[in-house]
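Chemist: Here you go, one structure.
The values are calculated or read from the model by the stated rules, or taken from the named source; none is laboratory data. None of the values given here were measured: they were computed from a predicted structure. Using ideal geometry, Cβ is built from the backbone for each residue, glycine included, and neighbour counts are taken over all protein chains shown.
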Amino acid sequence: MTTETRTEVGAMDDQKLSELVETSLTDLGATIHAALVVIGDELGLYTALDEDGPVTSAELAGNTATAERYVREWLRSQAAGGYVTYDPETDRYDLSPEQAYVLATKDSPVFMPGAFQLVASAAKIEPELREAFRTGDGIGWHEHDEDVFHGTERFFGPSYGAYLLDWIAALDGVEETLKSGGRIADVGCGHGAPTLRMAEAYPNSTVVGIDYHEASIAVARERAESAGVADRVSFEVATASEYSGPDYDLVTMFNCFHDMGDPIGVAAHVRETLTDDGTWMLVEPYAADLVEDNFTPFGRLAYAISTVACTPNSLSQAVGYGLGAQAGEERTREVVTEGGLTRFRRAAETPTSLVFEAKP
Ligand SMILES: C[S@@+](CC[C@H](N)C(=O)[O-])C[C@H]1O[C@@H](n2cnc3c(N)ncnc32)[C@H](O)[C@@H]1O
């Protein structure tokens, strides 16, 4: 160690240093844990624990047609992370009610394995992303691993199941219109989780799901068939700046407005496709206006996903605005009103979502 380095070490605060090392250890465990959550979800280990627990590793392996030695190691890593409960007296593993709600209850609004599927698969783009940092080029949503699309659907889907109708009820007069029969465009619909939720809730209305990603629209069509709502839902492969209109009573965008390359152009197009008293509902990730106020666990996740997927997608499209997933209310208001909408307000929120209402 050189004298110079010793001086630098001497200037360090030991407490802060050990806290940062502790944080890194937690994050390292969490990083590798993501793949193990996906495995536990895919192989039915969490659901079997929920249904059959408390169980030994051999019983869990037997019940899930998996290899005991792998399952035993997996269970110990899960227990060390607080995802599974272990009883040393009996050498048995189980899920507490809270663990079951987060890991095994697939329609719970806080079901997390879909989010792990999303982040674990999104990280696979790292070599291309590293190069994009150098060149400034974008990476389109369609260039990601297929699990990113499925993970997104499973991450957001349960929260739409829990909250979407409340969000619509918070808009000015929209619920009445949809109950009696209105026209909805769900733009950037992905696999159609919110599209189908609205079609199921408002049988007198028609819903068009729109996305530029052809493969996502193909899955959304299958989902509409399986849900038995194909008669009132149709789909269009188009960008948010060019989809066909006009005369929608409601245009919705769920967790995708910040992904758009030209959000001001998109806002102008939404204005053209709305009726004169129509409504645009934007659901965006929860964010404060000041950067430093987003240094929270959720803000960290959203900034990271934004770096890996949302911002690269925006930079891959015309204009390349790069709004980012933590834009917050005031930045979103500026962009929306610059596109020609005159009224903008926060209509609702959850700890992870901001719901905006914009009108011509
Ligand atoms: C994070 S996903 C959200 C999907 C869906 N709204 C949901 O909440 O489940 C973002 C979606 O925006 C779509 N997208 C990105 N840029 C777009 C554009 N310019 N026009 C239309 N769709 C776009 C992507 O293909 C992707 O399906």
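Chemist: Which number in (1) surrounded by fewer than 20 Cβ atoms within 10 Å (Cβ to Cβ); (2) more than 12 Å from the ligand (Cβ to nearest atom) marks the one condition that Ala318 misses?
Modeler: The one condition Ala318 does not meet is (2).
Chemist: Give region 82-109 a look and list any residue that's in contact with a helix residue (DSSP H, G or I) (Cβ under 9 Å, 6 or more places away or on another chain) and farther than 29 Å from Tyr163 by Cα, or say none.
Modeler: Our first condition is that a residue be in contact with a helix residue (DSSP H, G or I) (Cβ under 9 Å, 6 or more places away or on another chain); within region 82-109, this holds for 82-86, 91-95, 99-100, 102-109.
Result: Thr85, Tyr86, Asp91, Arg92, Tyr93, Asp94.
Chemist: For region 246-281, how many residues are more than 23 Å from Glu330 (Cα to Cα) and within 14 Å of the ligand (Cβ to nearest atom)?
Modeler: 1
Chemist: Could you please give the count of residues in region 217-234 that are modelled with pLDDT of 95 or more and either basic (Lys, Arg) or surrounded by 24 or more Cβ atoms within 10 Å (Cβ to Cβ) (or both)?
Modeler: Residues that pass the stated criteria total 4.
Chemist: Next question, about the same structure. Kindly indicate whether any position in region 212-231 is among the β-branched types (Val, Ile, Thr) and over 27 Å from Pro312 (Cα atoms).
Modeler: Yes, the conditions are met somewhere in region 212-231.
Chemist: Going by the structure shown, is Ser205 farther than 23 Å from His142 by Cα, in contact with a helix residue (DSSP H, G or I) (Cβ under 7 Å, 6 or more places away or on another chain) and surrounded by fewer than 22 Cβ atoms within 10 Å (Cβ to Cβ)?
Modeler: So Ser205 passes the test.
Chemist: Any idea how many residues of region 93-108 are polar (S, T, N, Q), in a helix (DSSP H, G or I) and farther than 21 Å from Val71 by Cα?
Modeler: So the count comes out to 0.
Chemist: Just to be sure, is Ala162 modelled with pLDDT under 95 and of a type in the set (A, V, I, L, M)? Explain how you work it out, then say what you get.
Modeler: On the way: modelled with pLDDT under 95: yes; of a type in the set (A, V, I, L, M): yes.
In short, yes.
Chemist: Same structure, new question: Looking at Gly40, Gly10, Gly53 in this structure, which one is of a type outside the set (A, V, I, L, M, F, W, C), modelled with pLDDT under 95 and surrounded by 15 or more Cβ atoms within 10 Å (Cβ to Cβ)?
Modeler: Gly53
Chemist: While we're here: On the given criteria, is Thr47 part of a loop (DSSP other than H, G, I, E, B), among the hydroxyl-bearing types (Ser, Thr, Tyr), crowded, with 17+ Cβ neighbours inside 10 Å and at pLDDT 95 or above?
Modeler: So Thr47 fails the test.
Chemist: Scan region 282-300 for residues that are in contact (Cβ under 8 Å) with a residue 40 or more places away in the chain and either away from the ligand (no atom under 12 Å from the Cβ) or surrounded by fewer than 19 Cβ atoms within 10 Å (Cβ to Cβ) (or both) and report the count.
Modeler: Number satisfying all stated conditions: 5.
Chemist: Kindly list, by first and then second residue, each pair from a residue in region 238-250 that is on the phi > 0 side of the Ramachandran plot to a residue that is more than 7 Å from the ligand (Cβ to nearest atom) and not in a loop (DSSP other than H, G, I, E, B), limited to pairs with Cβ atoms under 9 Å and residues at least 6 apart or on different chains.
Modeler: Taking only residues 6 or more apart or on different chains, the pairs are Asp247/Arg183; Asp247/Thr273; Asp247/Leu274; Asp247/Thr275; Asp247/Gly278.
Chemist: While we're on this one: Which ones in region 87-101 are surrounded by fewer than 16 Cβ atoms within 10 Å (Cβ to Cβ) and either touching a strand residue (DSSP E or B) at 6+ places or on another chain (Cβ under 6 Å) or of a type in the set (Phe, Trp, Tyr) (or both)?
Modeler: Ser96
Chemist: Filtering region 142-164 down to residues that are of a type in the set (A, V, I, L, M, F, W, C) and under 13 Å from the mean Cα position of the chain (by Cα), which residue is nearest to the ligand (Cβ to nearest atom)? Reasoning before the result, please.
Modeler: Let us first name the residues in region 142-164 that are of a type in the set (A, V, I, L, M, F, W, C), namely 148-149, 155-156, 162, 164.
Add one more test, that the residue is under 13 Å from the mean Cα position of the chain (by Cα), and what stays is 148-149, 155-156.
Details: Val148: 9, Phe149: 7, Phe155: 8, Phe156: 4 Å.
The residue in question is Phe156.
Chemist: If you take the residues of region 323-349 that are in contact with a Ser or Thr (Cβ under 7 Å, 6 or more places away or on another chain) and under 21 Å from Arg271 (Cα atoms), which of them is surrounded by the fewest Cβ atoms within 10 Å (Cβ to Cβ)?
Modeler: Ranking the qualifying residues of region 323-349, first place goes to Phe344.
Chemist: When region 102-129 is examined, which residues are found to be more than 17 Å from the chain's Cα centre (by Cα), surrounded by fewer than 16 Cβ atoms within 10 Å (Cβ to Cβ) and over 17 Å from Ile32 (Cβ atoms)?
Modeler: Scanning region 102-129 gives Pro127, Glu128.
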